[in-house]
Every structure is written in structure tokens, then in C-alpha cells.
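Engineer: Here you go, one structure.
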Protein chains: 2
Amino acid sequence: MAERCCPPPPDCCDMRGMLSFYILWVLSKKPMNGQEISEELGKRRGTKPTAGTIYPALKELRKKGLIEVERKGRTTSYTLTKSGKIAMEKACRYFCSAFGEIFHEYEEK
Amino acid sequence: MAERCCPPPPDCCDMRGMLSFYILWVLSKKPMNGQEISEELGKRRGTKPTAGTIYPALKELRKKGLIEVERKGRTTSYTLTKSGKIAMEKACRYFCSAFGEIFHEYEEK
DNA sequence: ATCCTATTATAGGACATCCAATAAATCAGA
DNA sequence: TCTGATTTATTGGATGTCCTATAATAGGAT
């Protein structure tokens, strides 16, 4: 069911990483529960993180005060806090300056 | 001495990852030795990987046949193989499609 | 009440990436 | 030759990300 807008990860090298950053990124769009976050990451990165991946990461982000948690019956809604929003923007600047070159050259083709 | 074209990594979330991919990327520009690769990564990502990081990664890439090694006196020159070049381009496509959205929105500001 | 499903969550193991510390090999210069 | 600088390389430990189980919890349907 997941619309794929991304090829699967290559096997040449490890493309893991940036999970917490990416979670902050999708949460900056709107609050979501765990399943929705997984879905969003799946659409973007080509692989959908499983429960054993996503929940420990969310727990850590909460411990750092970057996201807030609100339980609503069966689901749990995660929201960026103010400091989470600031942190995300900073991380975003770093990410784009660290990897921008690759992206720019790719776009030129 | 290292020209910095990148802010230091944020402390909000872990920005590790993509090391092997980034090594393939810089080697696609020109063959380099270990120190030069470290320097190039340092300029781009804001932190320079140490020996204990870079050499195991190079060893692994060599084992996979993605890079070639030529010892020249004191230094060792690393070069992309043909299959390394192909793998790098594939990884590049994946990377850009997985993270392109973040770049695009950042560039729009 | 009882089932079924969705959702959240943890445990345990694998691996890449990171560092500091240590070492060895080579070259250049005194 | 000896000394110091450069470069390569390994070790050992920490952490984040990833999976496959496994489990707990809550809501809806019968």
C-alpha cells in the first residue's frame, strides 16, 4: 500500500543513519503517531522502520525534550516541542551544508 | 588549518552515517590517500574522521571490490574501481531521492 | 464477555560509525 | 645514524540504527 517515491537502498554501502533527524523532520510537518511516522519514513527512504527501530528513537527524543507525547486511546501522538523545532532547524542547516554538494551535482544532470 | 565550509554537527541528534558512501563520493573526484580523504570529509561534514574510523571503512570497501589500493612509498593511494563507480552512482541516486525533499525546502528559503 | 486487530513497546543481536590510544613503517633532515 | 614528522593501521569501547521476535494495551465487533 505504501506509495514508493524512492528506490530501495543500495547494497554497496550502508545507508543507515539520520533516523532521529528524519523523525524530527517529518514531525515538523504535523504531529503523528508511531505508525504514521514509520509510513512517512518508508515513503521517503524506501524502507519502513519497524517497531524495534522507531520506538526506542522516539523514547530518546522525548528524553531530550525535543518531542512531546500525548496518549489518545489506542494511539500516541508525537509533537515537536519548541526546542525540538529549533534543534530540527539547526540540524537541517548542518545536514544541507554537509551533503549539499552531492545533491547539487546530482540535480545538474 | 582545515578550511571549514560546514558548521559543526548539532547535538540534538546523531548525524553519523553515510561514511562509506561519502568516501566513494570524494574518491569519484580523484584518487586520494587516507589523510586526504579525511581532510575532504572534514571540510564537508565539519568533523574529520580519525584513523580508527577511516581505515576500517577503506578496508571494507576494498574487500567489496569498490576501491583499489596502490602503495607508493609512505602513502597509499585509493581509487574507485569500475564497479565502485557504478555503485557510487546508484547510491547517489538513492541518497538524493531519500533526502531530496529536505534540501529542496531548505533551498527555498 | 470474547475475539480480533491496531498500536505501542521491549528484548536481544548485528553492524556501521565514531573516538582515543597505540604501534609500525617510511622519509627527511641534523 | 638518530630523530622527528607523516602516514598507515589496529584495538577496544561506546552509541545509533536496524531487524526479528515477543508482549501488552485498548477499541470495535460479534
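The values are calculated or read from the model by the stated rules, or taken from the named source; none is laboratory data. All values derive from a computational prediction rather than experimental measurement. No Cβ is skipped: glycine too gets one built from the backbone with ideal geometry, and neighbour counts run over all protein chains shown.
Engineer: For B:Glu68, all conditions in the list (1) of a type in the set (D, E, K, R); (2) within 22 Å of A:Lys90 (Cβ to Cβ); (3) touching a residue at least 12 places away in the same chain (Cβ under 8 Å) hold save one; what is the number of the exception?
Structural biologist: (2)
Engineer: Here is a follow-up. Within the range B:18-33, is there a residue that is more than 8 Å from every other protein chain (Cβ to nearest Cβ), more than 22 Å from B:Tyr94 (Cβ to Cβ) and either within 7 Å of DNA strand D (Cβ to nearest atom) or buried (at least 17 other Cβ atoms within 10 Å of the Cβ) (or both)?
Structural biologist: yes
Engineer: Among the residues that make up the range B:53-60, is at least one of them in contact with a strand residue (DSSP E or B) (Cβ under 7 Å, 6 or more places away or on another chain) and within 12 Å of DNA strand D (Cβ to nearest atom)?
Structural biologist: yes
Engineer: Among the candidates B:Glu60, B:Glu40, which residue alone is surrounded by 14 or more Cβ atoms within 10 Å (Cβ to Cβ), near DNA strand C (Cβ under 7 Å from one of its atoms), at pLDDT 95 or above and among the acidic types (Asp, Glu)?
Structural biologist: So the residue among B:Glu60, B:Glu40 that is surrounded by 14 or more Cβ atoms within 10 Å (Cβ to Cβ), near DNA strand C (Cβ under 7 Å from one of its atoms), at pLDDT 95 or above and among the acidic types (Asp, Glu) is B:Glu60.
Engineer: On to the next question. What number of residues in the range A:71-93 are closer than 21 Å to B:Pro9 by Cβ and touching a residue at least 40 places away in the same chain (Cβ under 8 Å)?
Structural biologist: 7
Results for (1) surrounded by 15 or more Cβ atoms within 10 Å (Cβ to Cβ); (2) more than 10 Å from chain B (Cβ to nearest Cβ); (3) of a type in the set (Val, Ile, Thr), shown as yes or no for each residue.
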| residue | (1), (2), (3) |
| --- | --- |
| A:Gln35 | no, yes, no |
| A:Gly46 | yes, no, no |
| A:Gly52 | no, yes, no |
| A:Leu66 | yes, no, no |
| A:Leu80 | yes, yes, no |
